[in-house]
Amino acid sequence: MRAPSPALEMSAAQREVLEVLSKSATAPHREVVQARALLLAGDGLANTAIAARVGVSPASVTAWRQRFATEGLAKLCEVREGRGRKASIPAEKIDEIVRLTQHKKPAGQTHWSCRTMAKVAGVSPATVQRIWSARDLKPHLVHTFKLSNDKRFEENLVDVVGVYLNTQDKAVVLCMDEKSQIQALDRTQPSLPLKKGRAGIMTHDYKHHGTTTLLAALNVLTGEVIGQCIPKHRNGEFLKFLRTIDRQVPKDLQIHMILDSYGTHNHDNVKAWLEKHPRFHLHFIPTSSSWLNMVERWFRELTDKAIRRGVFKSVPDLIAAIEAFLEANNNDPKPFVWTATTEEIPAKVRRGRVALKTIAS
């Protein structure tokens, strides 16, 4: 009769590590089982008894004991070369799926789905999903971009970012823009409220009751917003908004305004008014660079929280909702913080131009 194996020798530190691993709820199951088996071996149990208790073969317990005796904890959870589950999908097939995903499109479609790729590659949709996840491929997503062709891009960029990062004493920085053509949309049927187990429900179609335009100036330091709804955006309305800003900002402060080079902002009437009000300093963002104006981020908040799911039976209803959002914002303002530097942005733009030239060639 074969003599039972002696108790597995281990130090107190090794036992402590194995005990933590054996109780882990996040470690891989194989590692937890192996730790439990080694602890039982250290207690002097026979290999067959250990195998029955942890649910593996006696041969596996023997192999684990031998490896621990020679290598300790160094390679406890490594699977030796040639052992373990063999790959069921050949590397050539994986390479083919990756190549098709990155360089081809399915017939008559703009992008791949798991099912269309599975059909072409002759594998299951789950296999395609695993391959895409392992390589961080997301053909169902697309991000938009626009590189500015403004000849003064870097000059205006440095000017605007410099204002953000180096605000002068006795000055206020306002990000100003207009959100035009905000639609007063009423649903064709009453909406159903949110309740347990069901989201709120509203009709997909709507009645159009007109539009308004919002002029807004975001105080970069405080997060407060000066806003005005107007029916049209012409130089007269812009001048009226400048007068509103002039009244609301303390007279002892210089006013630095970040805005785009829209024609209304450069009208002769506007220039004449600015000459009479020298505390106003306008800083124009480059063309196709609305992301450089922080009030655009506030406009997104307005759209998401007050407009997109709203029901407005008239333009005055819409204006009232916008003014209510403005009031709530100014009662508890939260400023946005600009962090990108004048070195990081041009470098990213240059990389984008190189990528576009590579694709074009």
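If you put +1 on each Lys and Arg Cβ and -1 on each Asp and Glu Cβ, how big is the dipole of the chain around its Cα centre, in Debye rounded to 20? Provide the component values of the computation, followed by the final result.
Working: 53 positive and 37 negative charges, 343 e Å.
In total the dipole reaches around 1640 debye.
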What are the ³J(HN,Hα) couplings of region 271-276, residue after residue, when phi is run through the Karplus curve with 6.51, -1.76, 1.60 and θ = phi - 60°? Round to Hz, x for glycine and proline. 4, 5, 5, 5, 5, 8
So how far apart, in nm, are the two label points at D205 and A126 if each is 7 Å from Cα heading toward Cβ? 4.3 nm
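At a Förster radius of 25 Å, what calculated FRET efficiency corresponds to the Cβ-Cβ distance of S314 and S191, to the nearest 0.05? Can you show the working numbers first?
On the way: r = 17 Å, r/R0 = 0.69.
The computed FRET efficiency comes out at 0.90.
Let's see if you can work this out: charge +1 on each Lys and Arg Cβ, -1 on each Asp and Glu Cβ, no other charges. What is the dipole magnitude of region 99-254 about its Cα centre, in debye to the nearest 20? Kindly include the intermediate steps, with their values, before the conclusion.
Numbers: 24 positive and 14 negative charges, 239 e Å.
The dipole magnitude comes to about 1140 debye.
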Rounded to the nearest 10 degrees, what's the angle between the helix 12-22 long axis and the longest principal axis of the chain, both from Cα atoms, 0 to 90? 70 degrees
Could you line up V61, V225, V354 from fewest to most neighbouring Cβ atoms inside 10 Å? V354, V225, V61
In terms of the charge dipole of region 91-134, which places +1 on Lys and Arg and -1 on Asp and Glu at the beta carbon, the residue among Q109, S124, V98 farthest towards the positive end is Q109
Listing V172, V160, V120 by rising number of other beta-carbon atoms within 10 angstrom, fewest first, gives V120, V172, V160
Which of the aspartates and glutamates could be linked to K334 by a straight reach, that is with a Cα gap under 18 Å, when you skip same-chain ones fewer than 8 residues away? E224, E296, E301, D304, E323
Subtract the Cα-Cα distance of L165 and A328 from 0.36 nm times their separation in residues, and report this length gain in nm to one decimal. 56.0 nm
Which label belongs to the value computed from this structure, given these candidates for Cα extents along the principal axes in Å: (1) 63, 43, 35; (2) 66, 55, 41; (3) 108, 55, 52? (3)
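How do I94, I359 rank when sorted from fewest to most other Cβ atoms within 10 Å of their own Cβ? Walk me through the intermediate numbers first.
On the way: I94 18, I359 7.
Result, fewest neighbours first: I359, I94.
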For K104 and R247, extending 7 Å from Cα along the Cα-Cβ vector and measuring point to point gives, in nm, a value of 6.7 nm
Charge dipole of the chain built from unit charges on the beta carbon (Lys, Arg +1; Asp, Glu -1), centred at mean Cα; most positive-end Cα among A184, A320, M10 is M10
Determine ³J(HN,Hα), in whole Hz, for all residues of region 262-268 in sequence, where each value follows from phi through the Karplus function 6.51 cos²θ - 1.76 cosθ + 1.60 and θ = phi - 60°; x replaces Gly and Pro. 4, x, 4, 6, 10, 5, 4
Given points 7 Å out from each Cα along the Cα-Cβ axis, report the A91 to A134 separation in nanometres with one decimal. 1.2 nm
Cut-off under 5 Å, modelled amide H: who pairs with L282 long-range: M257
Only sites in a loop by DSSP and with at most 10 other Cβ atoms within 10 Å count here; which chymotrypsin sites (Phe, Trp or Tyr not before Pro) in region 89-175 make the cut? F145
Measuring from centroid to centroid over Cα atoms, what is the spacing of region 205-229 and region 297-361 in Å? 12 Å
Please list 3J(HN,Hα) in residue order for region 320-331, calculated via the Karplus relation 6.51 cos²θ - 1.76 cosθ + 1.60 where θ = phi - 60°; whole Hz, with x for glycine and proline. 4, 5, 5, 5, 5, 5, 4, 5, 5, 4, 6, 6
So what's region 91-134 giving for Cα Rg divided by 2.2 N^0.38 Å, two decimals? 1.02
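No value in this document is a laboratory result; all are computed from the given coordinates. As the structure is a prediction and not an experimental result, all values here were calculated from the model. Note that each Cβ is placed from the backbone with ideal geometry, even for glycine, and that neighbours are counted across all protein chains shown.
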